[in-house]
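For reference, the structure discussed in these notes is given below.
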Amino acid sequence: MTTQQITNELLTIRDWLRYAVSRFENSDIFYGHGTDNAYDEAVWLIMSALHLPHDTLNNFLDARLTSAERAKLAEFIDERISKHTPTAYLLKEAWLQGYKFYVDERVLIPRSFIAELLVGDGLQPWIEFPELVNNAADICTGSGCLGVLLADAYPEAAVDVIDISADAIDVCNINIANYGMQDRITAVQSDMFSALQDVNGKPKQYDLIISNPPYVDATSMAELPAEYRNEPQLALGSGTAGLDHTHTILREAANYLTDNGVLVVEIGHNRDALLEAYPDMPFTWLEVSSGDEFVFLLTKEQLI
């Protein structure tokens, strides 16, 4: 059946939802950028492509679409399957803890357990009151999503979002502007800590540093699904054991923390390798939705 025949026969959102789910189920696409099944992926793609709130699906199931809308959906569904393009890139949007962010192929699609901690007071008692954070940083920020959550969680804080990629910094600035936070969040192009200096040329000091750095090991990089290979590989791989960026953070972070400063880092599935590399480091493992093996916390005192 040709695309023209499909767009002529599928008239309502109900028709397109059924068609998308069937196509997805009969394909080899991989989920993991916001959904984990064909139905949720189809609802997200269709409703966002039509600029409709996701929670109004039942109100619009029998709404008829224009020819232009039908052509757009056909194009999106075909590209999702044939090119394994993540839905987030097709729609130029991603969601994290209820926050909507602009994304495109220049940045990793946001996914981080640290987001749960920022919206759920997960850093207590190490940070007892939000007003105690005056300066915060997000290292390896990508789209800047965690920086926006940082600024919301700590309303007194000036936030720096840092990435080595100029393209990522451009996307950061889109999200900063979309949330009207230009006066509180600054995007800094830097190879991790290298450009973080105060007016006197000394390491800039932060009360809180978070990072969801690249942490995919070499073996896993070679086995990534096509959807993940369509993301910037610079933002995924981190050496043979997946810890190269984490090593840099642990080596340098103390220089950039205030006396009572706190460091929070996400490391994926690398806990065992990390503990083997740092047997004497007093890591505190923070509880998130998937357990307590993915995010650690250290104070400046513990890092020295």
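The values are calculated or read from the model by the stated rules, or taken from the named source; none is laboratory data. Treat the numbers as computed from the prediction; the structure is a model and nothing was measured. Ideal geometry is used to build each Cβ from the backbone, glycine not excepted, and the neighbour counts take in all protein chains shown.
Only a single criterion out of (1) assigned to a loop (DSSP other than H, G, I, E, B); (2) more than 20 Å from the chain's Cα centre (by Cα) is not satisfied by ARG251, namely (1).
ASP191 - would you say it is under 17 Å from TYR256 (Cβ atoms) and either without any contact (Cβ under 8 Å) to a residue 24 or more places away in the chain or assigned to a strand (DSSP E or B) (or both)? No: the conditions fail for ASP191. Quick one: is LEU303 modelled with pLDDT of 95 or more, touching a helix residue (DSSP H, G or I) at 6+ places or on another chain (Cβ under 8 Å) and either of a type outside the set (Phe, Trp, Tyr) or not assigned by TED's automatic domain parsing to the domain that holds ASP138 (or both)? Yes: the conditions hold for LEU303. Can you pull out the residues in region 110-156 that are among the β-branched types (Val, Ile, Thr) and either in contact with a helix residue (DSSP H, G or I) (Cβ under 7 Å, 6 or more places away or on another chain) or surrounded by fewer than 23 Cβ atoms within 10 Å (Cβ to Cβ) (or both)? Answer for region 110-156, where residues must be among the β-branched types (Val, Ile, Thr) and either in contact with a helix residue (DSSP H, G or I) (Cβ under 7 Å, 6 or more places away or on another chain) or surrounded by fewer than 23 Cβ atoms within 10 Å (Cβ to Cβ) (or both): ILE114, VAL119, ILE127, ILE139, THR141, VAL148.
What about ASP104, is it of a type in the set (D, E, K, R), in contact (Cβ under 8 Å) with a residue 24 or more places away in the chain, in contact with a Lys or Arg (Cβ under 7 Å, 6 or more places away or on another chain) and surrounded by 14 or more Cβ atoms within 10 Å (Cβ to Cβ)? Yes. Here is the figure for region 125-164: residues that are under 18 Å from SER112 (Cβ atoms) and part of a strand (DSSP E or B) total 9.
So, in region 2-36, how many residues would count as being within 31 Å of the chain's Cα centre (by Cα) and surrounded by 12 or more Cβ atoms within 10 Å (Cβ to Cβ)? Explain how you work it out, then say what you get.
Taking region 2-36 first, the residues within 31 Å of the chain's Cα centre (by Cα) are 13-14, 16-36.
If we keep only those that are surrounded by 12 or more Cβ atoms within 10 Å (Cβ to Cβ) as well, we get 13-14, 16-25, 27, 29-35.
Residues in region 2-36 being within 31 Å of the chain's Cα centre (by Cα) and surrounded by 12 or more Cβ atoms within 10 Å (Cβ to Cβ): 20 in total.
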